[in-house]
Amino acid sequence: MKNIAVLTSGGDAPGMNAAIRAVVRKGNKEGFNVYGISHGFLGLTKGDLKKLEVRDVGDIIHRGGTILYSARCEEFKEVHVQQKAVATLREYNIDTVIVIGGDGSFRGAQALERHGIKTIGIPATIDNDIPFTEYTIGFDTSLNTILEALDRIRDTATSHERTFIVEVMGRESGQLALYSGLASGAEVSLVPEAIEEMSTVIHKIDESIRLGKKHSIVIVAEGAISAAECSKIISDALHIEVRTSVLGHIQRGGKPTARDRIYASRFGSTAVDLILEEKHDVALIVNEGKIKMKDFDEVITGKKNLDTSILKMIDELSI
Ligand code: F6P
């Protein structure tokens, strides 16, 4: 019987559990022993793994987080640490690992490939910043969490006629800021990929006030500018009441949406199909709604483009 393993790594994302469930159930159906590695690559170096049976992944499809726990493992860049992980895999006779995570996790997978371990990547990060894939597990849930928060903020912003600066996650990616801006009817979204002059933002808010708007919402991706800094610049320039809200890690938790569960299940099941087809060193991607695969090399060295035309749309629609 063939032995395979699955792990989750990097920032957790709602829907990871649905992907684990799919890997375990489809893997079992195809006659594989499926091992769950706890705490990502870090757990692998410590031999933190156990065999998962189909019942072990019952009642998790609707749960946020990851039953396998996750970790960021900087040490995994070092060869002697990678060798420890490989030794664990050899001990359990595991020749393929399915890695659920973001681009950092895919780099870890590639390191295993260099030691002769086969790997397949499933894109999961709320940032939706992985090149070539339209979608990553967790993005939809996170976006909806942000929207719910923004709708609530809008209520109080209206009541007090205030400007709000809302900081969302995304150190290098403005996807959450961009699409939450469009979906919430914000005045401006500030993203790291296209840094806006603050004078433009000030002009926009000033113009909104002149046009009779009672409140404004500015969304900032954490990698573009902090809410505190943005707030100070705007209140100093316009002498208006500004409040800030940093949404933080609530954006990473919660029940996965239908979209996240569906993609996670499709990714997990397809990953096992790829093992049967003897494919490896690839990440799964979504392209025009279809699940496809792409070499890790291309995914890791590629760059995800942000559709900056949406920034213009946010501006035009918030008059
Ligand atoms: O997982 C992605 C992400 O949520 C980013 O949006 C954010 O910048 C980062 O992780 C926060 O990481 P941590 O939880 O390790 O502070």
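Of note:
- Answer from E91, E196, E161 - the residue that is charged (D, E, K, R), touching a His at 6+ places or on another chain (Cβ under 6 Å) and either without any contact (Cβ under 8 Å) to a residue 60 or more places away in the chain or farther than 30 Å from A5 by Cβ (or both): E161
- Every pair of residues 6+ apart whose Cβ atoms lie under 7 Å, when the first sits in segment 116-138 and is of a type in the set (K, R) while the second is not in a loop (DSSP other than H, G, I, E, B): K118/D95; K118/T96
- Positions within segment 22-57 being without any contact (Cβ under 8 Å) to a residue 24 or more places away in the chain and under 24 Å from the mean Cα position of the chain (by Cα), in sequence order: none
- Restricting attention to segment 89-112 and to residues that are within 16 Å of the ligand (Cβ to nearest atom) and in a helix (DSSP H, G or I), the residue that is nearest to T136 (Cα to Cα) turns out to be D103.
- For segment 41-88, a residue qualifies if it is within 16 Å of the ligand (Cβ to nearest atom), among the charged types (D, E, K, R) and closer than 26 Å to D260 by Cβ, and exactly one does: R72.
- Checking T141, T136, T125, T119 one by one, the residue that is farther than 20 Å from G253 by Cα, surrounded by 21 or more Cβ atoms within 10 Å (Cβ to Cβ) and either within 14 Å of the chain's Cα centre (by Cα) or not acidic (D, E) (or both) is T119 and no other.
- Breaking point among (1) crowded, with 21+ Cβ neighbours inside 10 Å; (2) in contact with a Gly (Cβ under 7 Å, 6 or more places away or on another chain), for I94: (2)
- Here L311 clears all of (1) under 30 Å from G116 (Cα atoms); (2) in contact (Cβ under 8 Å) with a residue 24 or more places away in the chain except the condition numbered (1).
- Inclusion of I4 among residues that are touching a Pro at 6+ places or on another chain (Cβ under 9 Å), more than 16 Å from the ligand (Cβ to nearest atom) and either assigned to a helix (DSSP H, G or I) or aliphatic (A, V, I, L, M) (or both) is not warranted.
- Helices (runs of 4 or more DSSP H) wholly inside segment 165-275 containing at least 3 residues that are among the small types (G, A, S) and out of contact with any helix residue (DSSP H, G or I) (no Cβ under 7 Å at 6 or more places or on another chain): 227-238
- Among the residues of segment 11-32, the ones that are assigned to a loop (DSSP other than H, G, I, E, B) and either surrounded by fewer than 24 Cβ atoms within 10 Å (Cβ to Cβ) or aromatic (F, W, Y) (or both) come to 4 in all.
- Any hit, segment 113-128, residues being assigned to a loop (DSSP other than H, G, I, E, B) and touching a Pro at 6+ places or on another chain (Cβ under 7 Å): no
- Scan of segment 190-218 for residues that are over 20 Å from T158 (Cα atoms) and surrounded by 18 or more Cβ atoms within 10 Å (Cβ to Cβ), ordered by number: L190, V191, P192, E193
- Residues that are away from the ligand (no atom under 14 Å from the Cβ) and in contact (Cβ under 8 Å) with a residue 60 or more places away in the chain, drawn from segment 239-259: I240, E241, V242, R243, T244, S245, K255, P256, T257, R259
- Residues of segment 295-313 satisfying the condition of being closer than 22 Å to R259 by Cβ and over 18 Å from the mean Cα position of the chain (by Cα): I310, M313
Read-outs: derived from the displayed coordinates by stated rules, not from any lab. Just so it is clear, the model here is predicted, and its values are computed rather than measured. Every residue, glycine as well, gets a Cβ built from its backbone with ideal geometry; the counts of neighbours run over all protein chains shown.
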